[in-house]
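Quick notes on the structure that follows.
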């Protein structure tokens with residue numbers, strides 16, 4: 001490996017489980033001021049625990065009760081088996097935290113790290129009954145992430161990395177995501193990962209260092225960042241279609257790998273500006289990217305289930321050096337309320353790759369992703385995405401647009417159309433199961449625990465001469481050029497997991513099974 005000049009020695013991983021309880025010294029004060037030690041016998045006797053001011057539930061703590069907190073921040077590392085209510089503060093659920101119930105916040109925010117779980121609904125009310133506001137500096141200290149749809153994941157379970165695909169087989173490693181020190185607590189942020197693919201027989205990893213200049217304001221904070229990162233990756237451009245965790249489960253259990261892979265080694269230097277406040281989050285980044293690409297082959301064809309299925313061959317790419325200038329911008333206003341998810345997510349990228357910069361490719365690529373989440377009433381939500389991709393010059397295979405199958409046109413063959421122009425529309429109408437509460441008999445009682453999802457997808461790709469401008473190729477578009485499908489599914493209460501069927505509208509064909517554990521957008 002060219003990027004890394006060190007060797008990692010793996011030892012055995014010790015996996016252990018323990019029943020979480022409160023340590024003897026952890027005392028909680030109820031409203032009457034009495035100190036309570038939460039032993040097993042005491043836990044079952046407490047129906048509601050009330051706090052005032054900041055409180056932390058530690059990783060080994062378990063509360064079998066509803067929790068109420070006023071005028072402070074509640075940070076959850078452990079387990080709460082009940083509902084959580086925060087008035088005049090923020091609820092921060094860490095990666096190890098779980099709330100087995102509903103979460104309601106008045107006059108604050110709900111922040112969840114990757115891996116955090118809230119099984120019930122999440123309700124946020126923006127204002128209190130009087131003019132009360134938690135200073136931004138108070139909650140920013142606890143939240144060192146930047147939770148926006150365009151952020152790329154590198155770890156899956158805390159600092160432990162495990163994945164399975166047809167190129168690497170089992171990949172195991174360790175890593176740490178980049179932290180954003182919004183409160184200026186630290187000036188430098190170091191991050192990275194290292195791991196081994198059991199069938200690719202290759203070390204993969206990254207190492208990055210950023211200098212952060214944070215500024216706290218009344219409504220939130222902003223940050224200017226300058227950083228550098230080196231990497232040797234088994235990479236894919238399909239993160240927008242399916243997450244690493246979901247694709248790992250699909251590959252291991254169902255013999256379906258929905259990503260294509262290539263080797264990418266190199267380094268990136270960037271300067272970025274972030275805003276993280278009450279109303280929106282944004283990012284603007286300028287980066288110089290020096291990469292070397294190479295093809296990877298399929299090395300495994302095994303899954304726990306799937307019968308006689310075979311993994312697809314991993315397609316070859318155009319290998320070589322790529323030197324690019326990348327400009328990226330994103331804006332996110334998404335919030336969660338009693339009515340559901342609401343807001344905009346808009347992000348776009350422009351990449352210029354030139355041979356006279358030392359590379360072997362010459363192209364410009366433009367991508368825009370626009371998402372809207374719109375509650376219609378307390379029982380329904382309309383979610384939509386528009387994805388547009390174009391370019392000029394010859395786009396290499398690893399940059400081309402692909403349409404069909406999971407995440408794009410669900411009822412069509414996977415990646416059955418390729419081109420250098422693409423438009424994609426995805427729409428979902430989420431109907432909450434409560435609309436059928438009056439029909440309290442089997443089998444309709446299933447809607448006490450699920451929602452109904454109506455799905456519609458439409459998209460097309462074109463191939464235009466490489467000498468044309470990026471705007472050419474979108475003229476005289478007719479509806480008959482679009483491929484279209486419909487679908488219907490049962491979804492989890494938050495709309496992420498779903499199982500259903502979908503079908504093409506251009507011809508009569510058997511319906512396709514739709515199974516997801518994460519929302520597609």
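The values are calculated or read from the model by the stated rules, or taken from the named source; none is laboratory data. Because the structure is a prediction, the values reported are computed rather than measured. Neighbour counts run over all protein chains shown; Cβ positions are idealised from the backbone, glycine included.
Does segment 380-395 hold any residues that are part of a loop (DSSP other than H, G, I, E, B) and either outside the structural domain of residue 459 (by TED's automatic domain parsing) or surrounded by 19 or more Cβ atoms within 10 Å (Cβ to Cβ) (or both), and which are they?
395
Considering each residue of segment 170-195, count those that are outside any strand (DSSP E or B), farther than 25 Å from residue 521 by Cα and at pLDDT 90 or above, and give that number.
Residues that pass the stated criteria total 4.
It is to be established whether one or more residues within segment 149-169 are surrounded by fewer than 16 Cβ atoms within 10 Å (Cβ to Cβ), modelled with pLDDT of 85 or more and in a strand (DSSP E or B).
So far as segment 149-169 goes, yes, one or more of its residues are surrounded by fewer than 16 Cβ atoms within 10 Å (Cβ to Cβ), modelled with pLDDT of 85 or more and in a strand (DSSP E or B).
Step by step: first the residues of segment 251-260, then only those that are in contact with a strand residue (DSSP E or B) (Cβ under 8 Å, 6 or more places away or on another chain) and assigned to a loop (DSSP other than H, G, I, E, B), then the one that is surrounded by the fewest Cβ atoms within 10 Å (Cβ to Cβ). Which residue is that?
Top of the filtered list is 259.
The conditions are (1) surrounded by fewer than 16 Cβ atoms within 10 Å (Cβ to Cβ); (2) not assigned by TED's automatic domain parsing to the domain that holds residue 193, and residue 309 fails exactly one of them. Which is it?
For residue 309, the failing item is (2).
Out of all the residues in segment 347-362, is one or more within 18 Å of the chain's Cα centre (by Cα) and surrounded by fewer than 17 Cβ atoms within 10 Å (Cβ to Cβ)?
yes
Exactly one condition in (1) touching a helix residue (DSSP H, G or I) at 6+ places or on another chain (Cβ under 9 Å); (2) without any contact (Cβ under 8 Å) to a residue 24 or more places away in the chain is false for residue 104; which is it?
(1)
Specify the residue that is farthest from residue 249 (Cα to Cα); the eligible residues are those in segment 494-520 that are in contact with a helix residue (DSSP H, G or I) (Cβ under 8 Å, 6 or more places away or on another chain) and in a loop (DSSP other than H, G, I, E, B).
That would be 518.
Sort out which residues of segment 320-330 are within 28 Å of the chain's Cα centre (by Cα) and surrounded by fewer than 18 Cβ atoms within 10 Å (Cβ to Cβ), and write them in order of number.
Result: 325, 326, 327, 329.
Could you pull out the residue among 369, 364 that is closer than 30 Å to residue 479 by Cβ, touching a helix residue (DSSP H, G or I) at 6+ places or on another chain (Cβ under 8 Å) and not assigned by TED's automatic domain parsing to the domain that holds residue 490?
Unique residue meeting the criteria: 369.
So that you can scan it fast, the table gives a plain yes or no per residue for (1) touching a helix residue (DSSP H, G or I) at 6+ places or on another chain (Cβ under 8 Å); (2) within 27 Å of residue 402 (Cα to Cα):
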| position | (1), (2) |
| --- | --- |
| 217 | yes, no |
| 221 | yes, no |
| 225 | no, no |
| 243 | no, yes |
| 246 | no, yes |
| 253 | no, yes |
| 267 | no, yes |
| 282 | no, no |
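Each row is one residue, and each column tells you yes or no for (1) in contact (Cβ under 8 Å) with a residue 60 or more places away in the chain; (2) more than 24 Å from residue 265 (Cα to Cα); (3) not assigned by TED's automatic domain parsing to the domain that holds residue 245.
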| site | (1), (2), (3) |
| --- | --- |
| 179 | no, no, no |
| 182 | yes, yes, no |
| 185 | no, yes, no |
| 196 | yes, no, no |
| 199 | yes, no, no |
| 212 | no, yes, no |
| 225 | no, no, no |
| 231 | yes, no, no |
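Only one of 200, 232 is within 30 Å of residue 395 (Cα to Cα), at pLDDT 95 or above and in a loop (DSSP other than H, G, I, E, B). Can you tell me which?
200
Checking residue 128 against (1) modelled with pLDDT under 90; (2) surrounded by fewer than 17 Cβ atoms within 10 Å (Cβ to Cβ); (3) part of a strand (DSSP E or B), which test does it fail?
So the condition that residue 128 fails would be (3).
Report whether or not residue 276 is closer than 30 Å to residue 213 by Cα and in contact (Cβ under 8 Å) with a residue 60 or more places away in the chain.
Yes; evaluated as a whole, the condition is true for this residue.
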